[in-house]
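Asks: Please find one structure pasted underneath; my questions will follow.
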Amino acid sequence: MTHWQRGVIVVGLVAMLFGMGVHYGAVEADRWPYPHEDTLAAEPGAHVGHEVLLFGTVTDTNPQADTATIRVESDHGAFSLTVQAFDAVVERGGVVQVLGELTAERTVDADRIVVVNHSGSAAWYKYGVSVIGAVLVLIAFFRYWQIDTDTWRFEVRRNG
Amino acid sequence: MAELLSTVLLTYSVFTIGSWWIDGLDRRWIVVAMGGAAIPDLVKVDLLVDARVIEQTVGLPFSYTPVASIGGVAVVAGIVAMLFGTQWRRQAYAILFAAGGFSLLIDGARVYADGYANFYLYPVWIRPPTPELFVSADPAVLGVALIVGASVFSVDRWTATG
């Protein structure tokens, strides 16, 4: 296989991946079994009374009243929601999933809260540990493989 | 998703255990599997270039999510396999795809508020039920992965020298 053929195949696969990204972006809101955050951002009043599953960043909590405010990102900008029956312990900056009924335009009565990150720093823990994972992969890989600089391909190390 | 270190350690463990019975699955392929397990994590490119920036640039809807799906893993594994020398390419593809799929299975076991995971079987639009084993920032996941990884590593070295 020549460099050209290899290049054409790689470009073709990258184009295919991009096409999948566009397809997913176009179709996801219809496939998601609940009103999608993009839909809620565009038409806040259209889904009152429906069940929703949303991911959001906690911006405020009120433990006395069992409520919290979360910020939900969407393609049409971020919007804030008040979550009632918020029974989880989360700091500001934490990330939660909220399943519940949309009782007003921007209010959810939660049936279940899942804490994804307890705080903003929990996200940094995740990224930090992930970077260690990526470094481990690179070290392990290049212990057994090397780049042949004549052909620009991975080849087995002779001593590997 | 689980952090990458846990995913990589669990992938190392499963493929190393597999290598005890499968001829040809040696350490140079186990490290390729560890790389394949990282494919779905490429979805985190979103932190560098937000999908909305791409949508605004090209004027089309766009999501990185397919990279963390079985369809996306099949394509990315193809791209990475093309970087290997000709004689390694088929086996590299098979290992990368299997490991990427395993990584999706781990990720599909995390908690979702309604009990169903995301569309990781895309292009099939199904949300498989999740056993709800962990939430993504849970340090206990790393604890388990470290214990499993260290145990498998020890047994592997012991059987190799014994």
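FYI, it's all coordinate maths here, none of it is from the lab. These figures come from a predicted structure and were not determined experimentally. A quick note on method: Cβ atoms are made from the backbone with ideal geometry, for glycine too, and the neighbour counts reach across all protein chains shown.
Asks: For the stretch A:69-160, evaluate the Debye formula with one uniform point scatterer on each Cα (no solvent term) and list log10 I(q)/I(0) at q = 0.14, 0.23, 0.24 Å⁻¹, rounded to two decimals.
Replies: Summing over Cα pairs of the stretch A:69-160 leads to -0.66, -1.14, -1.18.
Asks: Further question on the same structure: Among A:Arg92, A:Arg106, A:Arg31, which one shows the highest mean-square fluctuation when chain A is modelled as a Gaussian network with alpha-carbon springs under 10 Å?
Replies: Answer for the Gaussian network model of chain A: A:Arg31.
Asks: FRET efficiency for A:Thr103 and B:Val124, Cβ-Cβ distance as r, R0 = 56 Å, nearest 0.05? Display every interim value, and only then the final one.
Replies: Details: r = 34 Å, r/R0 = 0.61.
That pair, A:Thr103 with B:Val124, gives E of 0.95.
Asks: Could I ask something else about it? Show that you can apply the helix-only estimate: for the protein assembly as shown, add -39,500 (n - 2.57) for every DSSP H stretch of four or more residues, divide by all residues, and state [θ] at 222 nm to the nearest 500. Please report the intermediate quantities before stating the final value.
Replies: On the way: 9 runs with 148 residues, N = 322.
One gets -15500 deg cm²/dmol as the mean residue ellipticity at 222 nm.
Asks: Using alpha carbons only, how many angstrom separate the centre of the stretch B:67-127 from the centre of the stretch B:1-57?
Replies: Taking the Cα centre of each part, the stretch B:67-127 and the stretch B:1-57 sit 9 Å apart.
Asks: Taking other Cβ within 10 Å of each residue's Cβ, how do B:Asp156, B:Asp41, A:Asp150, A:Asp66 sort, fewest first?
Replies: Details: B:Asp156 18, B:Asp41 23, A:Asp150 7, A:Asp66 14.
Lowest count first: A:Asp150, A:Asp66, B:Asp156, B:Asp41.
Asks: Moving on. Figure the gain on full extension for B:Gln91 and B:Trp158 (residue separation times 0.36 nm, minus the Cα-Cα span) and round it to one decimal in nm. Present the calculation step by step, with values, prior to reporting the outcome.
Replies: Numbers: separation 67, 0.36 × 67 = 24.12 nm, distance 2.71 nm.
That works out to 21.4 nm of additional length.
Asks: Note down the relative contact order for chain B as a percent, whole number, built from C-alpha pairs under 8 angstrom at least six residues apart. Before the final figure, lay out the partial values.
Replies: Numbers: 211 pairs, mean separation 47.1, N = 162.
Once divided by the residue count of chain B, the mean separation gives 29 percent.
Asks: Once label points are set 7 Å from the Cα along Cα→Cβ at both A:Asp148 and A:Tyr127, what is their separation, rounded to one decimal in nm?
Replies: 3.9 nm
Asks: Going by C-beta contacts inside 10 Å, put A:Lys126, B:Lys44 in order with the fewest on the left. Let's see the in-between values first.
Replies: Numbers: A:Lys126 23, B:Lys44 16.
In increasing order of surrounding Cβ atoms, one gets B:Lys44, A:Lys126.
Asks: How far is it, in nm, from the label point at A:Leu138 to the one at A:Arg31 when both lie 7 Å from their Cα along the line to the Cβ?
Replies: 3.3 nm
Asks: Which percent, nearest 5, of DSSP beta bridges in the stretch A:43-160 are antiparallel? Don't jump to the answer; show the numbers that get you there.
Replies: On the way: 31 of 34 bridges.
Taking every DSSP beta bridge within the stretch A:43-160, about 90 percent pair in antiparallel fashion.
Asks: Which whole-number percent is the relative contact order of chain A (Cα, under 8 Å, 6+ apart)? Could the numbers behind the result be given before it?
Replies: Working: 242 pairs, mean separation 24.1, N = 160.
In percent, rounded to a whole number, it is 15.
Asks: Most fluctuating residue of B:Gly71, B:Gly24, B:Gly115 in a GNM of chain B with Cα springs under 10 Å: which is it?
Replies: Greatest mean-square fluctuation among the candidates belongs to B:Gly24.
Asks: Just how many % of Cα pairs in chain B lie over 23 Å apart, if you round to the nearest whole percent? Walk me through the numbers on the way to the answer.
Replies: Working: 5779 of 13041 pairs.
Of the Cα pairs, 44 percent sit more than 23 Å apart.
Asks: Just counting partner chain Cβ atoms within 10 Å, what average do the residues of peptide B:59-68 show around their Cβ? Could the numbers behind the result be given before it?
Replies: Numbers: counts 0, 7, 11, 8, 10, 5, 5, 11, 4, 0.
Mean number of neighbouring Cβ atoms from other chains: 6.
Asks: At a Förster distance of 25 Å, what's the computed FRET efficiency of A:Met1 paired with B:Val45, Cβ-Cβ distance as r, to 0.05?
Replies: Values: r = 28 Å, r/R0 = 1.12.
Given R0 = 25 Å and the Cβ-Cβ separation, E is 0.35.
Asks: Further question: Mind running the shape call on chain A? Use the C-alpha gyration tensor, a ≥ b ≥ c as the square roots of the eigenvalues: rounded below 1.5 for a/c, prolate if a/b tops b/c, oblate otherwise. Each step should come with its number before you reach the end.
Replies: Working: a/c = 4.38, a/b = 1.89, b/c = 2.32.
Oblate.
Asks: What whole number of Å gives the distance from the Cα centroid of the stretch A:24-73 to the Cα centroid of the stretch A:87-106?
Replies: 9 Å
Asks: Just to be sure I understand: with springs between alpha-carbon atoms less than 10 Å apart, which residue in B:Ser69, B:Ser19, B:Ser151 has the highest mean-square fluctuation in the Gaussian network model of chain B?
Replies: Of B:Ser69, B:Ser19, B:Ser151, the most mobile in the Gaussian network model is B:Ser151.
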